[in-house]
Amino acid sequence: MQRPPPEDFLLKETKPHLGGGKISGDKLTSTYDLVEQMQYLYVRVQKAKDLPGKDVTGSCDPYVEVKMGNYKGTTRHFEKKTNPEWNQVFAFSKDRIQASVLEVTVKDKDVVKDDFIGRVFFDLNEIPKRVPPDSPLAPQWYRLEDRKSDKAKGELMLAVWMGTQADEAFPEAWHSDAATVSGADALSNIRSKVYLSPKLWYLRVNVIEAQDLQPTDKGRYPEVFVKAILGNQAMRTRVSQSRSINPIWNEDLMFVAAEPFEEPLLLSVEDRVAPNKEEMLGRCAIPLQMVERRLDHKPVNTRWFNLEKHVVVMEGEKKKEIKFASRIHMRVCLEGGYHVLDESTHYSSDLRPTAKQLWKSSIGVLELGILNAQGLMPMKTKDGRGTTDAYCVAKYGQKWVRSRTIIDSFTPRWNEQYTWEVFDPCTVITIGVFDNCHLHSGDKAGGAKDSRIGKVRIRLSTLETDRVYTHSYPLLVLHQSGVKKMGEIHLAVRFTCSSLLNMMHMYSHPLLPKMHYIHPLTVSQLDSLRHQATQIVSMRLSRAEPPLRKEIVEYMLDVGSHMWSMRRSKANFFRIMGVLSGLIAVGKWFDQICNWKNPITTVLIHILFIILVMYPELILPTIFLYLFLIGVWYYRWRPRHPPHMDTRLSHADSAHPDELDEEFDTFPTTRSSDIVRMRYDRLRSIAGRIQTVVGDLATQGERLQSLLSWRDPRATALFVIFCLVAAIVLYVTPFQVVALLTGIYVLRHPRFRHKLPSVPLNFFRRLPARTDCML
C-alpha cells in the first residue's frame, strides 16, 4: 500500500467569507458570490474644458494626475488642447489607502517642469458607494482650484465612487498596485482578459487519381506522388504503384484547419526522378472557403482539379502556364462530425464536434472563483531581491480566462469570478499560475518567457451539484532537482446542473462524437493531428492583445505529456498493480478458504456454494445485490473533496535525479554520448524484462493452440480421448451434480491435498510451444 503524500502537499478545505457572507444553505445568493469582496476607490476622469493656455496660441498640453497617499496615476497628455477628453478610470485598493483626501490635479506637460493648472479635492468620508447592478455614476463638472484653494480657470468632469471588483469599470481600470509598471504594452499585459480558442476543423483530402501527366523524360516510368501543404503542415502520399501517366493512389491525408481560413490548401504532383530529386508535374491551390463541409459519414462528391505549372513572376506581373490536359481527381471536405483533439483525452475540457449544428444543449454551468494564493516562491530577482508577479489562467472548453497580474506579491489576491457552460460532466477544468515577465518595455526585446508556478485540474464529474467547494490547492512543479511546492492557490468552485435527468443520460452516450467510431482515425494520425492543433491554438492566442503566450498554452494543454519518462512508466506500472490488487486479494482470500484457515468461513462458503448450485437462478441476483450493498456501505466514506495532484501516485518524490534529467531532456537529446549510452543500456535492460514477460505470455497461448494441433501427438491424443470421455460423462450427468462435485473438490480439506502441482497443470506445462523455433 502506498504511503500518503506529505502533509504540505495535501488539499486543505477552507471557509472564506464569500460574497459578503450572503449564504443560504450550500448555495450562495448574490451575483458575484464565489469570491471575497474587495473594496476599491474608483476615479473616472472624463474630460476638461476652458483650460488656460500657456503661450500666445492660448493652448496647453494637459494631463491629469490622480493622487491618493503614496499612490499616483496619470492620464495620457494631449498636445495643444484646452478641451481634452480622457475617459480613463483609476482604481485604488481600499486596503492600501493610507490617506483621507483624494487629490485630482490638472497639469500642463512641459520639457523642463510640468506647470500646475488646477486641482480638486475629495474627502474619502463623503464619497458615495455603488453596488452593481446599479447604473454607473454620472460624471459631474468640478471647478478647478489653485494652490491657495481659490477658484482657477477651467473645469474637470469627474466621477468618484466606492465599489468592488464586480464593478464594470474594474477590468480596464488603472490599478494602484500596478503603479510601477511602465509602458502601454506592459499595462495591457497585466489586465484580465477572456480569450476564445479558434474553431478547429479536420480537413480530409482523399487523393484518388491523376490523368494525363506529362513527365519530362518520356522514356521512363514515372514515380509519382502528391504533396499537400496547409500552413506549416506538409504531407505526402506514397508513390503510386501504377507507374504511368495516369497514377492511382486512393489515399487520405488529414490536416487541421482553423477559422478564419487564412491560407489555401496547396497540392503538387511530383515525379521522383532521382533519390533526392523531384520534378513538379503540376500544382493547384484550393481555398478552404470553397471546400464542402461534411457533418456525417456520407461521402462528399469528388471533383477534378486542373494542374498548373510554376507561376513565373516577370516584371511585377504573374504569368501562368496552365496545362489543361493534366488534372487530379480528389474528394476534399472539412469534417464537422469530429472533435478536434487539442488536449489529452484523459483530461479534455470539451468533447463536442466541430459543427455547431451537432451540439447538444448544455446540462449546467461551471463557476470558478479565483480567490488568492499563499506562500508563492520568488520567481525572479529585481533590485537585488526576489519577487513574483503572479497571474492565473483557466481553460475549459474553447474559453480561456486570464486574471489580472498582481505586482510584487507572494500572497496575491485576485478575487475574480468566471463562468462556463457545461455540455458534458466527464470533463476537466485546468487552472495554471504563472509569473509575468513582460511588465517593462525591455522585457519584450529580451525574449523572456513567463515562468510556470503550478497548475490544478478539477474533474467536474467528481463534484456534487450545487455545492460550493472552497479549497486551497498545492501548486506542485516537477524540476530537474525533484518535486517542489511553489505555493498554494485558493479556489471556489460550483457546478450547477440545469437538468439532472439530462446529465444522467449523458453517461449512456459515447465520450466522443460518433464519427470517431464510424470512421476512426489511427493512433499515429491522432498524435500528429493533436500536435498540429496545439501549434495552431498557441499561434492564434499568441497573436491576441495582450498575447496568451506559447509557453502558457503548451503548459496548459500538456504538450509534452506523451514523451518517454521512466518516472511515469513506474507510476503507470504501480497503477496497474493497484487495479489488480483487488483481484490478488480475492485470490489470496479464496486460497485461505480452500486451505481451511478459518473453518467457520469455509463451512459458510460451502453452504452458499451448495445453495447457488441448487438454485442457479440466484447467482446473478446475489452478485448484483452484493455489489449494491458494498456501494451503499462505502457511501459513508465517499470523497468529500475534489482530487488533486498526488506526488506519491506520480512517483515524483522518489524519482532518481538522472531519471528526472532524462525526462527534462529535449527531443532529440542534447546530452553527452556517455549519458545517452548509459540511458540506452538502462532502457535495454528494462525492455529485456518486458520482452521476457511478453514471451512467457506468448508461450502460454501457444500451448493452448497445441492442444489440438498434433504438434505433440501423444499429448493431443490424450486430450482428444479426455474430451470424448468428458462429453459422455457430462451428457449423462446433470450439470448441477458436476458443478457440486467440482466445487467440493476445489474446496476440499488440506488433509486431502498434495503439495505437488495438479495433474492438469502438469499436463499443460508439458505441451510444446514455438520457443524452440526462435533464433
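The values are calculated or read from the model by the stated rules, or taken from the named source; none is laboratory data. Since the structure is predicted, the reported quantities are computational estimates derived from the model, not experimental observations. Every residue, glycine as well, gets a Cβ built from its backbone with ideal geometry; the counts of neighbours run over all protein chains shown. Areas reflect the complete protein model, heavy atoms only, side chains present, ligands, DNA and RNA absent. Shrake-Rupley method; radii C 1.70, N 1.55, O 1.52, S 1.80 Å.
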Given H placed 1.01 Å from N in the peptide plane, which residues other than close sequence neighbours of Thr164 have an amide H under 5 Å from its amide H?
-> Tyr40
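Taking all protein chains in place and a 1.4 Å probe, what share, in percent, of the accessible surface of the chain do carbon and sulfur account for? Before the final figure, lay out the partial values.
On the way: 25510 of 44180 Å².
Summing carbon and sulfur atoms, their accessible area is 58 percent of the total for the chain.
What size of dipole, in debye to the nearest 20, comes out for the stretch 415-569 about its Cα centre when the only charges are +1 on Lys and Arg C-beta atoms and -1 on Asp and Glu C-beta atoms? If you can, show how the numbers build up before the last one.
Working: 18 positive and 14 negative charges, 82 e Å.
Roughly 400 debye, rounded to the nearest 20.
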What relative contact order, as a whole-number percentage, does the stretch 393-476 give when Cα pairs under 8 Å and 6 or more residues apart are counted?
-> 27
Any idea of Cys437's accessible area? Nearest 10 Å², probe 1.4 Å.
-> 20
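Using the crude model of +1 on Lys and Arg Cβ and -1 on Asp and Glu Cβ, and no other charge, please compute the dipole size for the stretch 533-667 relative to its Cα centre, in debye to 20.
Details: 14 positive and 14 negative charges, 128 e Å.
My answer is approximately 620 debye.
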Which of the trypsin sites (Lys or Arg not before Pro) found in the stretch 569-644 are in a DSSP loop and have at most 13 neighbouring Cβ atoms, other than their own, within 10 Å?
-> Lys597, Arg640
Give the percent of DSSP beta bridges with both residues in the chain that are antiparallel, rounded to the nearest 5.
-> 95
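Quick one: order Phe628, Phe225 from most to least accessible surface, probe 1.4 Å. Walk me through the numbers on the way to the answer.
Working: Phe628 125, Phe225 0 Å².
Heavy-atom accessible area, descending, gives Phe628, Phe225.
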Once phi is turned into θ = phi - 60°, what whole-Hz ³J(HN,Hα) does the Karplus curve with 6.51, -1.76 and 1.60 give for every residue of the stretch 496-513, x standing for Gly and Pro?
-> 9, 9, 7, 8, 5, 5, 4, 5, 5, 5, 4, 5, 8, 8, x, 5, 9, x
Using a 1.4 angstrom probe on the protein heavy atoms only, line up Glu7, Glu464 by accessible area, largest first.
-> Glu7, Glu464
Vicinal HN-Hα couplings computed from phi for the stretch 68-74 (Karplus, 6.51 cos²θ - 1.76 cosθ + 1.60; Hz; Gly/Pro x) = 9, x, 8, 9, 9, x, 10
Taking Cα pairs closer than 8 Å and at least 6 residues apart, the relative contact order of the chain in percent is 11
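Rounded to a whole number, what is D in µm²/s for the chain from Stokes-Einstein with the Kirkwood radius over alpha-carbon pairs (10 °C, 1.306 mPa s)?
On the way: Rh = 33.5 Å.
It comes out at roughly 47 µm²/s.
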Pull up the cross-link candidates among the aspartates and glutamates for Lys109, meaning alpha carbon to alpha carbon under 18 Å and not fewer than 8 places away within one chain.
-> Asp50, Asp55, Asp61, Glu65, Glu79, Glu85, Asp146, Glu155
The whole-number value in µm²/s of the Stokes-Einstein translational diffusion coefficient for the stretch 387-468, with Rh from the Kirkwood sum over alpha carbon pairs at 20 °C and 1.002 mPa s, is 147
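Please calculate how many Å² of accessible area the chain carries per residue, with a 1.4 Å probe and no DNA, RNA or ligand atoms counted. Each step should come with its number before you reach the end.
Values: 44180 Å² over 775 residues.
Per residue, the chain has an accessible area of 57 Å².
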Diffing the stretch 678-690: the Karplus 3J(HN,Hα) column from phi (6.51, -1.76, 1.60, θ = phi - 60°), in whole Hz with x for Gly and Pro, holds 4, 5, 5, 5, 5, 5, 5, 5, 5, 5, x, 5, 4
Residues listed by number, the stretch 361-380, amide nitrogen under 19 Å from Met506 label point at 7 Å toward C-beta = 361-369
With Cβ to Cβ distances under 11 Å as the rule, what net charge do the other residues near Ser403 carry (K, R +1; D, E -1)?
-> +4
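Which order do you get for Tyr626, Tyr195 if you rank them by accessible area with a 1.4 Å probe, largest at the top? Present the calculation step by step, with values, prior to reporting the outcome.
Working: Tyr626 140, Tyr195 15 Å².
Highest to lowest solvent-accessible surface, that is Tyr626, Tyr195.
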Calculate for the chain the 222 nm mean residue ellipticity that helices alone would give, adding -39,500 (n - 2.57) per DSSP H run of length 4 or more and normalising by residue count, nearest 500 deg cm²/dmol.
-> -7500 deg cm²/dmol
Among Ser242, Pro547, Ile370 - extreme Cα towards positive end, dipole of the chain, charges at beta-carbon = Ser242
Charge sum, other residues only, whose C-beta stays under 13 Å from Gln241's C-beta, Lys/Arg counted +1 and Asp/Glu -1 | -1
Given backbone amide H placed at 1.01 Å from N, residues whose amide H is under 5 Å from that of Thr647, ignoring those fewer than 5 places away on the same chain, are none
Links exceeding 31 Å between C-alpha atoms in this model, out of Lys47/Lys94; Lys12/Lys356; Lys15/Lys485; Lys227/Lys360, come to Lys12/Lys356; Lys227/Lys360
Run through the DSSP bridge list for the stretch 121-261 and note the antiparallel percent, rounded to the nearest 5.
-> 95
The stretch 551-623: chymotrypsin sites (Phe, Trp or Tyr not before Pro) in DSSP loop, at most 12 other beta carbons within 10 Å | Trp564
